[in-house]
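Working notes, beginning with the structure itself.
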Amino acid sequence: MINSNDRLGPLALLVGTWTGTGEGIYPTIATFGYREEIVFSDGGVKPFIGYVQRTSALDDGRPLHAESGYLRWTAGGAEWIIASPTGVTEVHTTHLSVDEAGLDAVFRTVSMSASPTAKRVDSVERRLRLRGDELTYELHMAAVGEQHQLHLTATLRRG
């Protein structure tokens, strides 16, 4: 098994700054490319890591999305709590798979909430795959009346 620690479990493997590019698709929007930075930070005391994400358009650099929250290590796996300025909050649970190759996780929403003016988002699934210093992910969602489907995919490198 690859290294983790007792306080953070395998979430410790995510700590660091990750940058790369991705693609967004969905039936209600034009396909787009983006740059992304994710920071997973360890406060050093409690069983959670901080999460901050920012994206910008590949074509002109304009800001696209941001979100922040926490990944919590629990006896049964992990929980991911995320808030975004679009007015949506997500609570996810997962069971992580860790072996010599790396970490795989599928985080599924157990709770969603939205401000009165937020677009409707019914469910989100975040699939992470960590291999060495490469983090790939897919974000699937059901939103604005569309069925659950792929929305984002990206490859990031620890830097």
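Selection of segment 84-107 for residues being exposed (fewer than 15 other Cβ atoms within 10 Å of the Cβ) and assigned to a strand (DSSP E or B) yields S97, D99.
Against the numbered list (1) over 18 Å from the mean Cα position of the chain (by Cα); (2) under 25 Å from A57 (Cβ atoms), T21 comes up short only at (1).
Considering (1) polar (S, T, N, Q); (2) under 25 Å from V15 (Cα atoms); (3) under 15 Å from the mean Cα position of the chain (by Cα), the lone condition that S123 does not fulfil carries the number (2). In the set L152, L139, L130, L156, only one residue is free of Cβ contacts under 8 Å to residues at least 40 places away in the same chain and either closer than 12 Å to Y26 by Cα or not small (G, A, S) (or both); that residue is L139. The one condition from (1) touching a residue at least 24 places away in the same chain (Cβ under 8 Å); (2) surrounded by fewer than 14 Cβ atoms within 10 Å (Cβ to Cβ); (3) aliphatic (A, V, I, L, M) that V15 does not meet is (2). Selection of segment 66-80 for residues being surrounded by fewer than 17 Cβ atoms within 10 Å (Cβ to Cβ), among the hydrophobic types (A, V, I, L, M, F, W, C) and modelled with pLDDT of 95 or more yields only A66. Exactly one of these conditions fails for I82: (1) out of contact with any strand residue (DSSP E or B) (no Cβ under 7 Å at 6 or more places or on another chain); (2) within 21 Å of R129 (Cβ to Cβ). Give me its number. It is condition (1) that I82 fails.
Under the condition of being over 16 Å from G9 (Cα atoms) and of a type in the set (S, T, N, Q), the residues counted in segment 93-119 number 5. Does P116 meet the test of being modelled with pLDDT of 95 or more, part of a loop (DSSP other than H, G, I, E, B), under 17 Å from the mean Cα position of the chain (by Cα) and over 29 Å from R7 (Cβ atoms)? Against the criterion (modelled with pLDDT of 95 or more, part of a loop (DSSP other than H, G, I, E, B), under 17 Å from the mean Cα position of the chain (by Cα) and over 29 Å from R7 (Cβ atoms)), P116 does not qualify.
Each row is one residue, and each column tells you yes or no for (1) modelled with pLDDT of 95 or more; (2) farther than 14 Å from L152 by Cα.
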position: N3; (1), (2): no, yes
position: L8; (1), (2): no, yes
position: G16; (1), (2): yes, yes
position: I38; (1), (2): yes, yes
position: G50; (1), (2): yes, yes
position: S56; (1), (2): yes, no
position: D60; (1), (2): yes, yes
position: P63; (1), (2): yes, yes
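When you check L150 against the structure, is it aliphatic (A, V, I, L, M), in a strand (DSSP E or B) and buried (at least 17 other Cβ atoms within 10 Å of the Cβ), yes or no?
No; evaluated as a whole, the condition is false for this residue.
Does segment 48-65 contain at least one residue that is aliphatic (A, V, I, L, M) and surrounded by 19 or more Cβ atoms within 10 Å (Cβ to Cβ)? Taking every residue of segment 48-65 in turn, at least one turns out to be aliphatic (A, V, I, L, M) and surrounded by 19 or more Cβ atoms within 10 Å (Cβ to Cβ).
The values are calculated or read from the model by the stated rules, or taken from the named source; none is laboratory data. Being a predicted model, the structure only gives us computed values, none of them experimental. Note: ideal-geometry Cβ built from the backbone for every residue, glycine included; neighbour counts use all protein chains shown.
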